[in-house]
1. If you take the residues in the stretch 204-228 that are outside any loop (DSSP other than H, G, I, E, B) and either open to solvent by 50 Å² or more (accessible area, probe 1.4 Å) or acidic (Asp, Glu) (or both), which one is nearest to GLY46 (Cα to Cα)?
2. I'd like to check which strands (runs of 3 or more DSSP E) are fully inside the stretch 87-180 and have at least 2 residues that are modelled with pLDDT of 95 or more, away from ligand 1 (no atom under 16 Å from the Cβ) and surrounded by fewer than 20 Cβ atoms within 10 Å (Cβ to Cβ).
3. Would you confirm, using the coordinates I've provided, whether GLY69 is buried (at least 22 other Cβ atoms within 10 Å of the Cβ) and within 16 Å of ligand 2 (Cβ to nearest atom)?
4. Which condition number does GLY25 fail, the rest of (1) buried (at least 20 other Cβ atoms within 10 Å of the Cβ); (2) not in a loop (DSSP other than H, G, I, E, B) being met?
5. Filter the stretch 475-485 down to the residues that are outside any strand (DSSP E or B) and open to solvent by less than 70 Å² (accessible area, probe 1.4 Å), then identify the one that is farthest from SER527 (Cα to Cα).
6. Looking only at the stretch 459-474, how many residues end up being touching a helix residue (DSSP H, G or I) at 6+ places or on another chain (Cβ under 9 Å) and open to solvent by 20 Å² or more (accessible area, probe 1.4 Å)?
7. Look through the stretch 37-66, keep the residues that are open to solvent by less than 10 Å² (accessible area, probe 1.4 Å) and more than 12 Å from ligand 2 (Cβ to nearest atom), and return whichever of them is farthest from GLU173 (Cα to Cα).
8. Just to be sure before I move on: is SER506 open to solvent by 70 Å² or more (accessible area, probe 1.4 Å), out of contact with any Gly (no Cβ under 8 Å at 6 or more places or on another chain) and either among the small types (Gly, Ala, Ser) or under 30 Å from THR444 (Cα atoms) (or both) in the structure I sent?
Amino acid sequence: MSKATPSPDTIHLLPSEVVDQIAAGEVVDRPAHLVKELVENAIDAGAKSIEIEFDQGGRRVRVTDDGKGISPGDLKLALARHATSKIAAADDLWSLHTFGFRGEALASIAAVSRLTLQSRPQGTETANRVLSEFGKISEVEPTGGNPGTTVLVEELFANVPARLKFLKSETAETSQIKATLRALALANETVEFRLRTKGKLENIWPAAQSFLERAKQVLDVKKLYENQFTYDDYRADIVFASPHDVTGNARSILSFVQKRWVQDKGLQAAVVDAYRGLLMHGEYPIAIVRLEAPSGEVDVNIHPTKSQVKFRDQQSAFRAVNRCLREALERAPWLEQKPAPKIEERVRKLSVADLTRPYQASPQSAVTPQSSTADLSTAPQFSTGRFEAPEFNSVVFRQKQDAIVQAVEAHAAKAARAPSESVPLSQKLGPWSRLQVLGQANLTYILAQDQDRLVLVDQHAAHERVAYERLMRAWKGGEVDVQNLLIPLTVELEADGAEALLSVASDLEKLGVSLDQIGPQSIAVRSRPSLISEAALAQSLTTLAREISEKGGSFALEKKVSDLCATMACHSVVRAGQALSHEQMKSLLIQMDEFALSSFCPHGRPVSVDYPFAKLERDFGRIV
Ligand code: ADP
Ligand code: MG
């Protein structure tokens, strides 16, 4: 009987090279995975410095490390399947301290490439090497080389045409490899990485002192911040960019669990949720999450490429990440805490009197020194009339200065009366209140200046943020200023609307909204938060009822309240096209300093735009 090819419909064991090729496909489906396996082996071997060289989109790769090396007697074994030095028994899987454990990577790669494994153990004099020619292993032979290990892979997949066909373009594979290397570097900041493509040294990331330092080396973002937070023994360490630095996809959110790079939708959602209210639709944040779960709480052994994990307690993992990031974002570390400039400096630098001069007809008044210019509160302003088109500056608009604007003023007045500590005013000024208001542009933007730049503030967006934060704070602290309505406000809703709202009645109550059902599609509102006008409230409740009916009660409470506050805030604050007095603008800026996140409206749009004087000078050709 012939032992050759068995007929396909009898049961038989597969020839070992077929088994190897199938396994190879699971461990290394593309060059980036291969690079990951080789670099992780180097890290497992205690390397302090790793050099990665590749070309042909990763079909040729060389990884050199200065780790502990492999003794000559083990070289062939390293290429055998299920040969590993990293675990001995199944129980070890729960307390892994290495990246590798399956003993499959080198065997798999050796089956589908021309591979050279060369190594010289630390403290020995000679290097040895072994070659694999698509699975055919040579004898070990001595060679020259430094302490450590080098793996050279060539002609990857040359014997598996089907897999070769599935490789993407060289550019696509190259960028995937680079992304993988960035991730490996971010997880292992104490190791030096040197990256060569086509022989050219492209990146050196020297061993870093901290995660933040490494992130700054690797990511192309100027300003990064870090925060740590522990929840239920889940330790999160996150490096993130401000909501001003965003991207158009989720690829800049990276997650690591026990130092392994993982793709986890839950952790990604935790990051995106932390930026709620700070990003516009389609914008994604830049954040690198490192999570350490208590050992035994996480299973990293569910996929051969090990890019997925399973938490015993998904919620704690989510919370640790979400709170770590949110807490940090609410401190808005990107707002420079530089001290307000000294008053004399301001006068010298700005010479505000000059700014107003062109509008003054009389030559005498133009040169009159204006000693009060130094004082923020009495700074000269353009008469608003100069900026306003006459048709807007009508009585109607004045009447439209609604209760909110008055509330804003009352608040500012109250703040001014509050007993002030002995800190001088100039030091207490936050980044917004220390702006000098110059006027209002197009009835929409507050035109102001700081020491080094012009600032345009979108009055609607700014006021919206302030109202939103105040509502959220009141809701969280359970101290909403409530106004009882003498005549209940009746709101007509869509089908099932009343029932939907009643399902969240107790949350609404906390916001100061108490309501009764008076029909299947109508409710009576008996009280409202005083910050919100009746018209705005009716509109917000209609929207909320619709959302609850559509999405069900499944979305998280905080998100629900946050949306409600955002809608209420949006409907009740000053609009574009509304004239504001100098004092109103000033008081709005002062209130913005109460809330660190004032640079974003609750829908994520920016609130202000800066024009550095340096840019103006360049534009005017004063400096080149
Ligand atoms: P695993 O990493 O899962 O153990 P691999 O196939 O990747 O399996 O490697 C097999 C073995 O070869 C490892 O357990 C290790 O002992 C040895 N090895 C591989 N790469 C290196 C290296 N760069 N330095 C030292 N030893 C290595
Ligand atoms: Mg390995």
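The values are calculated or read from the model by the stated rules, or taken from the named source; none is laboratory data. Quick caveat, the model's predicted, so the values are computed rather than measured. Reconstructed Cβ throughout: ideal geometry from the backbone, glycine too, with neighbour counts over all protein chains shown. These accessible areas exclude ligands, DNA and RNA; they are computed on the full protein's heavy atoms, side chains included. Shrake-Rupley method; radii C 1.70, N 1.55, O 1.52, S 1.80 Å.
1. Among those residues, the one meeting the criterion is ILE204.
2. Working: elements: 114-120, 127-133, 141-143, 148-154.
Qualifying strands (runs of 3 or more DSSP E): 141-143.
3. Taking the combined requirement at face value, the residue satisfies it.
4. (1)
5. Among those residues, the one meeting the criterion is GLY477.
6. So the answer is 3.
7. Taking the candidates together, the pick is ALA47.
8. Here the answer is yes, as SER506 does meet what is asked.
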